[in-house]
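Where a number appears in this text, it was derived from the coordinates with a stated rule and is not lab data. In this text the structure is predicted, and so the values were computed from the model without any measurement. Cβ: placed from backbone, ideal geometry, glycine included. Neighbour counts: every protein chain shown.
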Amino acid sequence: MLNRILFSICFLLFTNITSAQWFSNSFQVMGTQAHLEFWLDTSEQNSNTSEQLIALVQLEMNRIDKAMSPYKTTSELSLVNNKAGSEAVVISNELFELLDESQKIAELSEGAFDITYASVGYQYDYREKQKPDQISINKALQAIDYRAVVLEPKRSTVRFSRPDVKIDLGGIAKGYAVKQCINLLKTAGVKHALVSAGGDTGLLGDRRGRPWYVGIKHPRAEEKTAVQLPLNDEAISTSGDYERYFIEEGVRYHHIINPKTGDSARKVVSVSIIGKDSTYVDALSTTVFVKGLQEGMAFIDQLPEYEAIIIDNQQTLHMSKGLQQQFQ
Ligand code: AMP
Ligand code: MG
């Protein structure tokens, strides 16, 4: 009898320990580090194992990378770049919708966010410290205009109105991938999760009675955090000039391009946007980076669903009105 009771206690203890716990996983995708954390309680309706959930997220991120990478010659995006200058190309619903969202943000931002920046963007190589000369920039600028990307919803096609247009989804695709993964975990019954890809983070629920703390990197000290934010059920995206860059004659050339000049945007050094939709916060962080402090903050202050933290060139931190109210 005693043996049986002891066995039952051990069994209960054992199942409690193994049936509910935190899991985490990190992997490389989309040219960056992705990270996943989640609480798995198999005593609830969740029948998935931690390995299955990790595989689900990895597969989804890799699937999106395969379709939207400008570096993969077989991606759907590369196909569009090769063909849409001469004919209307039928594309997947998924790519169509992401292009449509990109176009909406381009309009809303008056062209600060513009996926056709790629015409000049691909001429920069930050690893090789290469940048286009002014003549090449001027030529490429003629092909930078989001209005040259023509979407036709009925047939789900995209066409470029000029043959020299190129597009790139680097400013929005990671946020989209994070959103997809958070939704997949939610559908699988997970209630507490964090998914990040580079500077884009999506949160599902809280950290079990506590908020998640998401750090914004110090823009000039790699291992330091500028600020930690308590967040639940939201997304945050940070765009920084320290992610991919080189310095030549004291000038920093980095991956966020002002579509009007073809040069790197240099009004601020870091922009974080907080909101519910991780696709939008990703695109908006790139947008506000291009716009700079005054224009960028005014832009966010008129969007009630989004908040911003901007670090300027003097490394002073600025918060949007909604955040200032929260922290007062
Ligand atoms: P993020 O780190 O989210 O700000 O995204 C930066 C990436 O967005 C770059 O690596 C480019 O792929 C892309 N990008 C750069 N400038 C722009 C722009 N003005 N509009 C849209 N995408 C951009
Ligand atoms: Mg972005």
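Rank the residues M68, M319 as a footprinting-exposure proxy: fewest other Cβ atoms within 10 Å of their Cβ go first.
Going from least to most buried by this count: M319, M68.
What residue among D114, D233, D200 has the largest mean-square fluctuation in a Gaussian network model of the chain, using Cα springs under 10 Å?
Result: D233 has the largest fluctuation of those listed.
Please compute the contact order of the chain in relative form: average sequence separation of alpha-carbon pairs under 8 Å and at least six residues apart, divided by the residue count, as a percent.
15 percent
Have a look at A55, L231, S270 and report the one farthest towards the positive end of the charge dipole of the chain, computed about the Cα centre with Cβ charges (Lys/Arg +1, Asp/Glu -1).
Sorting the options by dipole projection puts first A55.
Report the gain in length on full extension from V150 to I247: 0.36 nm times residue separation, minus Cα-Cα distance, nm rounded to one decimal.
Gain on extension, V150 to I247, equals 31.3 nm.
Measure off 7 Å from each Cα along the Cα-to-Cβ vector at E51 and N313, then give the distance between these two points in nanometres to one decimal.
It works out to 5.4 nm between the two label points.
Which of the pairs K104/K179; K129/K291; K131/K267; K291/K321; K131/K217 have their Cα atoms more than 22 Å apart in this structure?
K129/K291; K131/K217
Tell me the net charge near L108. Cut-off is 12 Å between Cβ atoms, L108 excluded, with +1 for each Lys or Arg and -1 for each Asp or Glu.
Around L108, the surrounding residues sum to -2.
To the nearest 0.05, how large is the calculated FRET efficiency for K260 and V227 if R₀ is 30 Å and r is the Cβ-Cβ distance?
Efficiency, from the Cβ-Cβ distance: 0.50.
Which residue fluctuates the most in the chain, going by a Gaussian network model with Cα springs under 10 Å, if the choices are Q142, Q294, Q103?
Comparing Q142, Q294, Q103 in the GNM, the peak value goes to Q294.
For the chain, what is the charge dipole size about the Cα centre, in debye to the nearest 20, if Lys and Arg each add +1 at the Cβ and Asp and Glu each add -1 at the Cβ?
Here the chain has a charge dipole of around 300 debye.
Under the rule a/c < 1.5 gives rounded, and otherwise a/b versus b/c splits prolate from oblate, where does the chain land using the Cα gyration tensor?
Cα axes put the chain in the prolate bin.
Quick one: 3J(HN,Hα) in Hz for the range 152-164, Karplus 6.51/-1.76/1.60 with θ = phi - 60°, rounded, Gly and Pro as x.
10, x, 4, 9, 6, 10, 10, 9, 9, 7, 10, x, 9
Which of S285, Y146, V29 sits farthest toward the positive end of the charge dipole of the chain, with +1 on the Cβ of Lys and Arg and -1 on the Cβ of Asp and Glu?
Checked the options; the winner is V29.
Going by Cα centres, the range 261-328 and the range 56-95 are how many Å apart?
29 Å
I need the phi-derived Karplus couplings for the range 31-40: 6.51 cos²θ - 1.76 cosθ + 1.60, θ = phi - 60°, integer Hz, Gly and Pro marked x.
Each residue of the range 31-40 in turn: x, 8, 9, 9, 9, 9, 9, 7, 9, 10 Hz.
To the nearest 20 debye, what is the magnitude of the charge dipole of the range 116-209 about its Cα centre, counting +1 on the Cβ of each Lys and Arg and -1 on the Cβ of each Asp and Glu?
Dipole size: approximately 380 debye.
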